[in-house]
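Notes follow once the structure below has been shown.
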Amino acid sequence: MPDRSFLAWPFFDDSHRQLADAISKWARREISGEVGEAVDQQCREFLSSLASGGWLRYVVPKQYGGATESLDVRSVCLIRDTLAYHSGLAEFSFAMQGLGSAPITLFGSEELKRKYLPKVAAGEAIAAFAISEAEAGSDLRAMQTTARRDGDHYVIDGKKNWISNAGIADFYVTYCRFPEAGEKAFVALLVEASAQGITVSERIEVIAPHVLGNVIFHESRVPASALIGREGDGLKIALGTLDIFRASVGAAALGFARRALDEAVCFARERRQFGQALSDFQITQAKFADMAVVVDTSALLVYRAAWTRDVLMQPVTREAAMAKLYATESAQRVIDEAVQILGARGVIAGSITERLYREIRALRIYEGASEIQKLIIAGQVLKAAAAGDEHAR
Ligand SMILES: Cc1cc2nc3c(=O)[nH]c(=O)nc-3n(C[C@H](O)[C@H](O)[C@H](O)COP(=O)(O)OP(=O)(O)OC[C@H]3O[C@@H](n4cnc5c(N)ncnc54)[C@H](O)[C@@H]3O)c2cc1C
């Protein structure tokens, strides 16, 4: 049973505490961590089950079939934290509905919101977020996928790589550039999977179950109404969405770390060597102390970022980057320590610790790798220092 004492922290109100209890009970009852070969099918099943449980409603505002008035980052984080504790793939299914639809929620027209958000909340439309390309990973401005206006339509050409939900998505929020250069060249378009000229060129297998592939756009036509925000807003939309979702990647890492700590404690209390339980050795206890400090620090950073966004309604570039960086990097260490405590049992294929060991890795890379989070945080530190100088003058 995970430690739930963090729910008493002032970042939450009673509705969050009730949500945390409800999703935890539901996940214990409904989710198995086992994943078979048919990852696409299992992902669809998780989505259907998450929709029946009402959890997908938390990625959409109430007006469009959602659960909360506006996108509530604390709720999204609590759900990701809990789902990750039970299953990386269930967590992924939930997360992508949020990441893929948030550009519509945050920047979309009324028409787009009405058309797509209720379906996202009901699990009737699967969302995807397509920005990465072969030559544009961390360096988003290097993207080469183009959009051009043709009467009442945009025509898209290019290839997006590493796209989660490729092949099962109903729509891709796709970032493109107008052939002319500059910051204002970027645009976000909602492209239905059924639009002409779209093919999923390759499916990619990674070390943990994930629906992932490359998507080619060949003269794909979308109506002008598919524009999210305004022409030129593409990067603002991508970065604004990532600012919110990065804290929730930290929440997923936190769920993995909590599970690793619980597995390690449970094992060490049972396992006897040299005539006593492993948990009676001080070296083991020191490991638990280090792991618990990391878990609580991650939780503080994740829920601080979420609370700052929800309550202070301030930009959270710095807070979200810190939460993602610390929680993902430290979860990797906690999980590794759990494997060590379990000894040989920790690396058995299909065991919970082995699964966590594989599941955590990609979180340090996607939605901005750790090195990029450090650049973001340093940029914020320097900006604050420059503002301090200005103030002192
Ligand atoms: C499982 C998974 C799911 C994904 N899902 C999606 C998705 O749904 N949609 C989508 O658009 N993309 C997705 N991605 C892609 C992901 O966002 C990119 O992998 C990520 O942005 C990093 O890009 P890259 O892999 O090309 O690495 P690169 O940018 O080539 O970086 C390689 C290494 O160099 C480091 N590096 C880069 N720049 C610097 C620098 N200035 N200083 C120091 N170090 C630097 C990086 O941190 C990294 O360690 C997914 C990736 C994975 C693994």
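Some observations on this one:
- Using alpha-carbon coordinates, inclination of helix 39-52 to the longest axis of the chain, degrees: 90 degrees
- Order of exposure, largest accessible area first, which applies to Arg393, Arg114 with probe 1.4 Å: Arg393, Arg114
- Estimated at 0.36 nm per residue, the fully extended path between Arg333 and Glu69 surpasses their Cα-Cα distance by 91.3 nm.
- Relative to the longest principal axis of the Cα atoms of the chain, the long axis of helix 234-270 lies at roughly 20 degrees.
- Computed from Cα atoms alone, the Kirkwood hydrodynamic radius reported for the chain is 21.7 Å.
- When the chain is treated as a Gaussian network with alpha carbon springs shorter than 10 Å, the biggest mean-square fluctuation among Ala166, Ala344, Ala292 belongs to Ala344.
- Judged by the mean number of other Cβ atoms found within 10 Å, the most tightly packed of the peptides 225-233, 197-205, 384-392 leads the ranking 225-233, 197-205, 384-392.
- Between segment 30-56 and segment 199-234, the alpha-carbon center distance in angstrom: 23 Å
- Close amide H contacts of Glu202 (hydrogens built in the peptide plane, cut-off under 5 Å, sequence separation of 5 or more or a different chain): Asn214.
- Sites Arg29 and Asp290 - FRET efficiency at Förster radius 30 Å, r taken between beta-carbons, to 0.05: 0.40
- Cβ charges +1 (Lys, Arg) and -1 (Asp, Glu), total dipole of segment 5-125, debye: 240 debye
- Cross-link reach list, aspartates and glutamates versus Lys374, counting only Cα pairs under 13 Å and skipping chain neighbours closer than eight places: Glu319, Glu329
- Translational diffusion coefficient (Stokes-Einstein; Kirkwood radius from C-alpha pairs) of segment 192-300 at 20 °C, 1.002 mPa s, in µm²/s: 113 µm²/s
- Computed Rg/Rh of segment 128-232, alpha carbon atoms with Kirkwood Rh: 0.96
- Fully extending the segment from Leu375 to Glu270, taken as 0.36 nm per residue of separation minus the present Cα-Cα distance, adds 33.4 nm.
- Largest first, the residues Cys266, Cys77 sort by 1.4 Å accessible area into Cys266, Cys77.
- Phi-derived couplings, Karplus 6.51 cos²θ - 1.76 cosθ + 1.60 at θ = phi - 60°, listed residue by residue for segment 84-93: 4, 4, 9, 6, x, 6, 5, 5, 4, 4 Hz, with x used for Gly and Pro.
- Largest GNM mean-square fluctuation among Ile126, Ile348, Ile156, using the chain with Cα springs under 10 Å: Ile348.
- Largest-first ordering by accessible area, 1.4 Å probe, given options Phe288, Phe107: Phe107, Phe288
- Of Glu192, Glu45, Glu367, the one that fluctuates the most in a GNM where the chain has Cα springs shorter than 10 Å: Glu45
- Computed over protein heavy atoms with a 1.4 Å probe, the accessible surface of segment 100-227 works out to 42 Å² per residue.
- Over segment 249-383, the pair-distance histogram of Cα-Cα distances with 5 Å bins from zero comes to 2, 11, 19, 19, 17, 12, 9, 6, 4, 2, 1, 0 percent, rounded to whole numbers.
- Around the Cα centre of segment 128-232, unit charges on the Cβ atoms of Lys, Arg, Asp and Glu (plus for the first two, minus for the last two) sum to a dipole of about 120 debye.
- Restraint check, Lys287/Lys324; Lys115/Lys236; Lys62/Lys383, Cα-Cα greater than 25 Å: Lys62/Lys383
- The angle between the Cα long axis of helix 14-30 and the main principal axis of the chain comes to about 80°, on a 0 to 90 degree scale.
- What the phi angles of segment 190-196 give under the Karplus curve with 6.51, -1.76 and 1.60, with θ = phi - 60°, is a coupling list of 8, 10, 6, 4, 8, 4, 5 Hz, glycine and proline written as x.
- In Å², nearest 10: area of Lys184 left accessible to a 1.4 Å probe: 150 Å²
The values are calculated or read from the model by the stated rules, or taken from the named source; none is laboratory data. On a predicted model such as this, the values are computed, not experimentally measured, just so you know. In this analysis, Cβ positions are derived from the backbone assuming ideal geometry, glycine residues included, and neighbour counts consider all displayed protein chains. The protein model used for the area step is the full one, side chains on, heavy atoms only, and it has no ligands, DNA or RNA in it. Shrake-Rupley method; radii C 1.70, N 1.55, O 1.52, S 1.80 Å.
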